[in-house]
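Here the structure comes first, spelled out in structure tokens, and everything after it is commentary.
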Protein chains: 2
Amino acid sequence: MKWNKDTFALKGNLLYTPSPEKLVSLASHYLVCEGGKVSGAFPVLPERYKGISVRDFGDSLIIPGFVDLHMHAPQYAMRGLGMDMELLQWLESFTFPEEARYADLLYAEKAYRIFAQDLKKSSIARACIFGTIHADATFLLMQLLEETGIVAAVGKVNMDVNCPDYYGESTMQSISETVRWIEASQERFQRIFPILTPRFAPVCSSGLMGELAGLQQKYCLPLQSHLSENRAEGQWVQSLFPESRFYGEVYDRFGIFGSHGPTVMAHCVYSSPDEVALMKERGVFIAHCPQSNVNLASGIAPARSYLDGGQRMGLGSDISGGFSLSGFRAISDAIQMSKLFWRLQDTDKKPLSLSDAFYLATKGGGAFFGKVGSFEEGYAFDVLVLDDTFLASPARLDMVSRLERLVYLAGQDCICEKYVSGVKVWDAIEDR
Amino acid sequence: MKWNKDTFALKGNLLYTPSPEKLVSLASHYLVCEGGKVSGAFPVLPERYKGISVRDFGDSLIIPGFVDLHMHAPQYAMRGLGMDMELLQWLESFTFPEEARYADLLYAEKAYRIFAQDLKKSSIARACIFGTIHADATFLLMQLLEETGIVAAVGKVNMDVNCPDYYGESTMQSISETVRWIEASQERFQRIFPILTPRFAPVCSSGLMGELAGLQQKYCLPLQSHLSENRAEGQWVQSLFPESRFYGEVYDRFGIFGSHGPTVMAHCVYSSPDEVALMKERGVFIAHCPQSNVNLASGIAPARSYLDGGQRMGLGSDISGGFSLSGFRAISDAIQMSKLFWRLQDTDKKPLSLSDAFYLATKGGGAFFGKVGSFEEGYAFDVLVLDDTFLASPARLDMVSRLERLVYLAGQDCICEKYVSGVKVWDAIEDR
């Protein structure tokens, strides 16, 4: 039988987490791809695959591509800047002025091209991404991301109240521009799709949120926003929406809290038990963004409780509340912050293990995109081939130790190749 | 006048912190070195320096080399491993077995060569370094470090009680080996000098500590150890030394808490007010190791209090409680942890600013080595020349923003050249 190029195998040391507590390591195995999906992992290539193309990566580690459930593309240009501020001050002094610049398509093109190029080279295979309020710049971002080969949900931001003079929209404008953007972008791309993106409750009017619920039903779209990130933000929401018992209920009252489509909420540092219960009931994903929550001095989200409570959850870089695009860094940050949560807030909540956090960065967040983030049969063939030879060691290390070391020490340079849905989207050697 | 090569200038954008709150930025200045020391920073090269060699680094940033007040060389091989454990468990399962291997000089040579090479390339210009209990391996480490050009205080570890069977020494053996090592290494090297290194109170007998105080006076040596890192450790110390009111008093009773020479104590997460007051009285340096304190789930040291209280303090990587040799990472970790301290422990203690933490990594820790860590006149010419062009930006950034971005995003690759006491010890281009 003659195989086409959609069927092939990568050979190396496979690591993946079918569940949080289970880190599977398969030394020197073949990972077979058929039609963009994993068809199996085998110590010896089965007879039925005789003749397929095999790339042997020797002693390299092979892991699922990471999923980033929350980032802001226009803030990439300011990552690592203004870090001496808290959320609301930082939004006003840094973020809104930067985002306003994307009205200028020339600036947007320059900045988004840098973002797309870096994302392509990064460990991220799939992402949920905020744009700005500008429909045209957001469409441009989608075009640039389509070229990277990664899969992404990208949203034009909606915000119509409590905005600065220079950065905001009227309710009508917000809706009409959103419709224009949806109709231009839906089914326009192979790998990029629109996601509704009310920024966060304090800058969205009741009217706007109600309209967005209608658009979600009409166009069958997912939705992303922010939730319970910061104490001052929570108090602000309470004063704006006194009829709601908790922050998430604001979204829920307008029908944009998971009842009409897949929904992801970033942060959930201060979610009340009722809010957590409603997220579970509605299947709302939590984008846990530990680095951002530290940088903006928001606090530490109770990731252990969410994981043990069966919440749907993945990790988010929150560029640029977080400064790092690295999925490795997101994993180590999640572990570190869970240790401090245990030490300083609740000694009943044991820290996340390597396996727990790796699961969140792969299969946990991957579920937002379907069967993604694992090497189980039928999962999308999203793969990172890793070279850790830059980390010299006097002794031989086992596979899990090598993965742990990369989680803490990996830079950009460790990624040899990246595949998304079976397509190679990045090759370090070809890029040199 | 003909100048010799000890007098030269580097030209670029200078950044340094003469005090914690003062981040000086001098665009396109000449930093002049005479005999290994900074003789000034000038917008135009003064007439008196006519004819000296000038290297123009264009738009690059030029900062003082970083000082790392606490790390364990033999643990470098296991950095980023075993991170799912707390201090005492981690010592027993990972650290002591690894350190025991350094009885084998062939293993030690292999591992220490990797450490020395990585340290040479790193952002660290000066460091306080723990070895193992082995005098010969520690001497070998000093030889390898001498070749790197960095300045370091290196210590043979002392531990004679509560040690595992396979890793420990008798009191007499500990002292005689320490004397042998001191006499072999003192004044043997240009840049490396011995420092007494009782590991920490629970593994040192009263007899050993008393003897070390004698050696400190006899040989005029500095001393390093650990202090108040972890809750369980603190309780252990209290049960072993019930007559001491606090942990530091154990060291002080035996005369090894700054009364006979420069002393640096790592961690100080749980130091009582009495302990803090005694450190100030004795001039004891605090090595603040935020990354390690998170990894081992120890807690967060009150760095803001120490800084405002006028304690002598610098940063430490604590390889391998910490996994990263990067001084940039130490700075960002210190800032991040101070934010969580403010948020979760004491809202009166405002977070460290970029300037505060940069000061700790340079002049704060540098004071342990004398006039080190600043570009003020008379300070050691310890310099990093940095290339941040790998961080593409759609807009032009000011110098402080560029520094902030490097603090959060720098990898190894940003260091073009490193000078220690006026000698170039690392050049990225020559190394390629």
When residues of the range A:254-281 are filtered for being hydrophobic (A, V, I, L, M, F, W, C) and in a loop (DSSP other than H, G, I, E, B), how many remain?
-> 5
Scanning the range A:308-325 residue by residue, those open to solvent by 10 Å² or more (accessible area, probe 1.4 Å) and at the interface with another protein chain (Cβ under 10 Å from one of its Cβ atoms) turn out to be A:Ser324, A:Leu325
Are there any pairs, at least 6 apart or on different chains, whose C-beta atoms fall under 6 Å, with the first in the range A:13-42 and at pLDDT 95 or above and the second open to solvent by less than 30 Å² (accessible area, probe 1.4 Å) and acidic (Asp, Glu), and if so, which?
-> A:Pro20/A:Asp356
Have a look at A:Ile300, A:Ile335 and point out the one that is in a loop (DSSP other than H, G, I, E, B), out of contact with any strand residue (DSSP E or B) (no Cβ under 9 Å at 6 or more places or on another chain) and crowded, with 21+ Cβ neighbours inside 10 Å.
-> A:Ile300
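State which residue is surrounded by the most Cβ atoms within 10 Å (Cβ to Cβ) when the search covers only the range A:182-206 and only residues that are of a type in the set (Gly, Ala, Ser) and not in a loop (DSSP other than H, G, I, E, B). Give the derivation first.
Filtering the range A:182-206 for residues of a type in the set (Gly, Ala, Ser) gives A:184-185, A:201, A:205-206.
Okay, now just the ones that are also not in a loop (DSSP other than H, G, I, E, B), so A:184-185, A:201, A:206.
Values: A:Ala184: 14, A:Ser185: 19, A:Ala201: 26, A:Ser206: 15.
If we take residues in the range A:182-206 being of a type in the set (Gly, Ala, Ser) and not in a loop (DSSP other than H, G, I, E, B), then A:Ala201 is surrounded by the most Cβ atoms within 10 Å (Cβ to Cβ).
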Evaluate the following for A:Gly366: is it at pLDDT 95 or above, small (Gly, Ala, Ser) and more than 30 Å from A:Leu296 (Cβ to Cβ)?
-> no
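Matching residues to (1) over 25 Å from the mean Cα position of the chain (by Cα); (2) under 29 Å from A:Leu145 (Cβ atoms); (3) within 14 Å of chain B (Cβ to nearest Cβ); (4) not in a loop (DSSP other than H, G, I, E, B):
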residue	(1), (2), (3), (4)
A:Leu23	no, no, yes, yes
A:Cys33	no, yes, no, yes
A:Asp56	yes, no, no, yes
A:Gly82	no, yes, yes, no
A:Phe96	no, yes, no, yes
A:Ala111	no, yes, yes, yes
A:Ala116	no, yes, yes, yes
Take the range A:40-54 and flag every residue that is open to solvent by 20 Å² or more (accessible area, probe 1.4 Å), out of contact with any His (no Cβ under 7 Å at 6 or more places or on another chain) and assigned to a strand (DSSP E or B).
-> A:Ser53, A:Val54
Exactly one of (1) more than 19 Å from A:Ile335 (Cβ to Cβ); (2) assigned by TED's automatic domain parsing to the domain that holds B:Leu81; (3) within 17 Å of the chain's Cα centre (by Cα) is unmet by B:Ser355. Its number?
-> (3)
Hey, can you tell me all the residues within the range B:82-120 that are more than 25 Å from B:Gln143 (Cβ to Cβ) and of a type in the set (Val, Ile, Thr)?
-> none
Among the candidates A:Phe323, A:Phe390, A:Phe375, which residue alone is modelled with pLDDT under 95 and of a type outside the set (S, T, N, Q)?
-> A:Phe390
Quick one: in the range B:339-369, of everything that is more than 12 Å from B:Leu307 (Cβ to Cβ), within 12 Å of another protein chain (Cβ to nearest Cβ) and among the polar types (S, T, N, Q), which residue is surrounded by the fewest Cβ atoms within 10 Å (Cβ to Cβ)?
-> B:Thr347
Got a sec? Which of B:Phe254, B:Phe241 is out of contact with any Ser or Thr (no Cβ under 8 Å at 6 or more places or on another chain) and touching a residue at least 40 places away in the same chain (Cβ under 8 Å)?
-> B:Phe241
Yes/no for A:Ser305 being out of contact with any strand residue (DSSP E or B) (no Cβ under 9 Å at 6 or more places or on another chain), outside any loop (DSSP other than H, G, I, E, B) and surrounded by fewer than 24 Cβ atoms within 10 Å (Cβ to Cβ) | yes
Quick one: would you say A:Pro222 is open to solvent by 10 Å² or more (accessible area, probe 1.4 Å) and at negative phi?
-> yes
Can you tell me which residues in the range A:293-314 are farther than 17 Å from A:Thr263 by Cβ and touching a residue at least 60 places away in the same chain (Cβ under 8 Å)?
-> A:Asn293, A:Asn295, A:Leu296, A:Ala297, A:Ser298, A:Gly299, A:Leu307
From the options B:Gly36, B:Gly51, B:Gly40, residue that is outside the structural domain of B:Ala357 (by TED's automatic domain parsing), closer than 18 Å to B:Glu417 by Cβ and not aromatic (Phe, Trp, Tyr) = B:Gly36
Here the residues within the range A:135-167 that are open to solvent by 20 Å² or more (accessible area, probe 1.4 Å) and at positive phi are A:Asn162
Residues (of a type in the set (Gly, Ala, Ser) and open to solvent by less than 10 Å² (accessible area, probe 1.4 Å)) located in the range B:84-110 | B:Ala108
Yes or no: B:Ser244 surrounded by fewer than 22 Cβ atoms within 10 Å (Cβ to Cβ) and assigned by TED's automatic domain parsing to the domain that holds B:Glu211?
-> yes
Unmet requirement for B:Met71, which otherwise passes all of (1) open to solvent by 10 Å² or more (accessible area, probe 1.4 Å); (2) within 24 Å of B:Phe358 (Cα to Cα) | (1)
Is it true that B:Gln345 is closer than 16 Å to A:Glu86 by Cα and more than 13 Å from the chain's Cα centre (by Cα)?
-> no
Within the range B:363-386, identify whether any single residue is outside the structural domain of B:Ile150 (by TED's automatic domain parsing), charged (D, E, K, R) and within 21 Å of B:Ser324 (Cβ to Cβ), and answer yes or no.
-> yes
Does B:Thr132 count as touching a helix residue (DSSP H, G or I) at 6+ places or on another chain (Cβ under 6 Å), open to solvent by less than 20 Å² (accessible area, probe 1.4 Å) and more than 14 Å from every other protein chain (Cβ to nearest Cβ)?
-> no
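Filter the range A:159-198 for residues that are under 30 Å from A:Ser239 (Cα atoms) and among the small types (Gly, Ala, Ser) and give the result.
In the first step, residues of the range A:159-198 are kept if they are under 30 Å from A:Ser239 (Cα atoms); the result is A:159-178, A:195-198.
Of everything in the range A:159-198, those that are under 30 Å from A:Ser239 (Cα atoms) and among the small types (Gly, Ala, Ser) turn out to be A:Gly168, A:Ser170, A:Ser174, A:Ser176.
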Can you spot a residue in the range B:402-411 that is open to solvent by 30 Å² or more (accessible area, probe 1.4 Å) and within 21 Å of the chain's Cα centre (by Cα)?
-> yes
Checked the range B:346-376 for anything of a type in the set (A, V, I, L, M) and under 10 Å from B:Thr17 (Cβ atoms); matches are B:Leu354, B:Ala357, B:Leu360, B:Ala361
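The values are calculated or read from the model by the stated rules, or taken from the named source; none is laboratory data. Model, not experiment: these values are computed from the prediction. Glycine gets a Cβ as well: all are built from the backbone with ideal geometry, and neighbour counts include every protein chain shown. Surface accessibility is based on the protein's heavy atoms, side chains included, excluding ligands, DNA and RNA. Shrake-Rupley method; radii C 1.70, N 1.55, O 1.52, S 1.80 Å.
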